[in-house]
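Novice: Handing you this structure, nothing more for now.
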Amino acid sequence: MQPFKVWVFSDLIEKNKRVFKIPVYQRNYDWSNIQCEKLYQDIMKANEQDHKHFTGTIVYIVGHDGSNLNEVLIIDGQQRFTTVYILLKALYDAAKGVSVRIETEIEEVMFNRNCGEKYKLKLKPVKSDNKQLQLLIKDKIDEMDRNSNIYKNYVTFSNLIQDTCTSGLELSDILNGIKKLEMVEIVLDKSQGDEPQKIFESINSTGLELSLADLVRNYLLMDDENQDELSDK
């Protein structure tokens with residue numbers, strides 16, 4: 001297990017040719033507008049005070065490489081990571097026609113470069129969330145499920161960004177705050193005895209209690225190479 005302090009924007013998300021995958025044994029994306037608004041307030045405070053803001057940990061294990069991409073399986077931290085990704089998309093859309101610099105900078109961080117179209121997105125949530133994220137990225141907002149937290153939180157961030165600009169601040173202030181988000185990155189290594197299943201259960205034991213179904217699904221799917229197929233069945 002190797003822990004590192006990293007900047008969410010410039011260290012974690014920016015790396016090219018890397019896909020963060022949420023394994024099928026994980027919950028769906030569950031953050032609501034309450035958590036999103038709190039994170040946004042912290043981001044704006046970090047910009048105002050010119051201080052870094054610690055947002056927790058992200059725990060992952062490097063999975064199989066495919067199509068020259070490094071696949072990272074997130075064991076813990078998917079809620080925060082997905083939320084920042086949605087915020088970046090909202091800021092990216094707000095920058096269109098307003099700031100080419102910000103639009104270009106976010107695009108270079110959010111998407112993999114020099115790869116096929118299907119591999120450009122750096123985040124792959126579980127199946128139902130992935131469908132909504134794909135629609136969002138392709139600007140097919142009208143086709144999104146209005147009950148999806150990805151849709152709801154995108155709208156929340158879009159409104160918050162608009163309110164921020166109305167108050168006299170600029171899009172660059174928001175991006176500057178995002179750049180001050182810091183996480184502890186913990187990389188698991190099975191060869192060194194790290195056990196993803198036990199770590200997953202230990203981390204989640206202090207949050208929303210895992211149901212029996214969560215634990216069984218986690219146990220059966222954690223080490224199986226055919227996770228997606230087994231989960232669908």
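Novice: Mind checking which residues of the stretch 102-119 are open to solvent by 70 Å² or more (accessible area, probe 1.4 Å), closer than 24 Å to ASN176 by Cβ and either in contact with a strand residue (DSSP E or B) (Cβ under 8 Å, 6 or more places away or on another chain) or not in a helix (DSSP H, G or I) (or both)? Before the answer, list the steps.
Specialist: Going through the stretch 102-119, the residues open to solvent by 70 Å² or more (accessible area, probe 1.4 Å) turn out to be 107-108, 113-114, 117-119.
Now drop any that are not closer than 24 Å to ASN176 by Cβ, which leaves 107-108, 113.
Of everything in the stretch 102-119, just one residue is open to solvent by 70 Å² or more (accessible area, probe 1.4 Å), closer than 24 Å to ASN176 by Cβ and either in contact with a strand residue (DSSP E or B) (Cβ under 8 Å, 6 or more places away or on another chain) or not in a helix (DSSP H, G or I) (or both), namely ARG113.
Novice: Exactly one condition in (1) farther than 22 Å from ASN149 by Cα; (2) open to solvent by 20 Å² or more (accessible area, probe 1.4 Å); (3) of a type outside the set (Gly, Ala, Ser) is false for LEU73; which is it?
Specialist: Condition not satisfied by LEU73: (1).
Novice: Take the stretch 89-132 and flag every residue that is within 20 Å of GLY77 (Cα to Cα) and among the polar types (S, T, N, Q).
Specialist: SER128, ASN130, GLN132
Novice: Further question on the same structure: For the stretch 71-100, which residues satisfy the criterion of being farther than 23 Å from GLY56 by Cα and in contact (Cβ under 8 Å) with a residue 12 or more places away in the chain?
Specialist: Hits for the stretch 71-100 are TYR92, ASP93, ALA94, ALA95, VAL98, SER99.
Novice: Report yes if some residue within the stretch 51-60 is open to solvent by 30 Å² or more (accessible area, probe 1.4 Å) and either without any contact (Cβ under 8 Å) to a residue 12 or more places away in the chain or part of a loop (DSSP other than H, G, I, E, B) (or both); otherwise report no.
Specialist: Within the stretch 51-60, one or more residues are open to solvent by 30 Å² or more (accessible area, probe 1.4 Å) and either without any contact (Cβ under 8 Å) to a residue 12 or more places away in the chain or part of a loop (DSSP other than H, G, I, E, B) (or both).
Novice: Which of the residues spanning the stretch 61-83 are under 16 Å from PRO3 (Cβ atoms), out of contact with any Ser or Thr (no Cβ under 7 Å at 6 or more places or on another chain) and at pLDDT below 90?
Specialist: ILE61, VAL62, VAL72, ILE75
Novice: Now for a different question. Evaluate the stretch 95-113: report whether one residue or more is charged (D, E, K, R) and either touching a Pro at 6+ places or on another chain (Cβ under 9 Å) or closer than 20 Å to LYS5 by Cβ (or both). Step through it out loud before you land on a result.
Specialist: From the stretch 95-113, those charged (D, E, K, R) are 96, 101, 103, 105, 107-108, 113; that's our starting set.
After this cut, where a residue has to be either touching a Pro at 6+ places or on another chain (Cβ under 9 Å) or closer than 20 Å to LYS5 by Cβ (or both) as well, the list is none.
No, there is no match, as no residue in the stretch 95-113 is charged (D, E, K, R) and either touching a Pro at 6+ places or on another chain (Cβ under 9 Å) or closer than 20 Å to LYS5 by Cβ (or both).
Novice: Tell me whether the stretch 80-90 contains one or more residues that are touching a Gly at 6+ places or on another chain (Cβ under 9 Å) and surrounded by fewer than 21 Cβ atoms within 10 Å (Cβ to Cβ).
Specialist: So far as the stretch 80-90 goes, yes, one or more of its residues are touching a Gly at 6+ places or on another chain (Cβ under 9 Å) and surrounded by fewer than 21 Cβ atoms within 10 Å (Cβ to Cβ).
The values are calculated or read from the model by the stated rules, or taken from the named source; none is laboratory data. Quantities reported herein were computed from a predicted structural model and do not represent experimental measurements. So basically every Cβ, Gly included, is an ideal-geometry build from the backbone, and we count neighbours across all protein chains shown. Just so you know, the surface numbers come from the protein's heavy atoms only, side chains and all, with ligands and any DNA or RNA stripped out. Shrake-Rupley method; radii C 1.70, N 1.55, O 1.52, S 1.80 Å.
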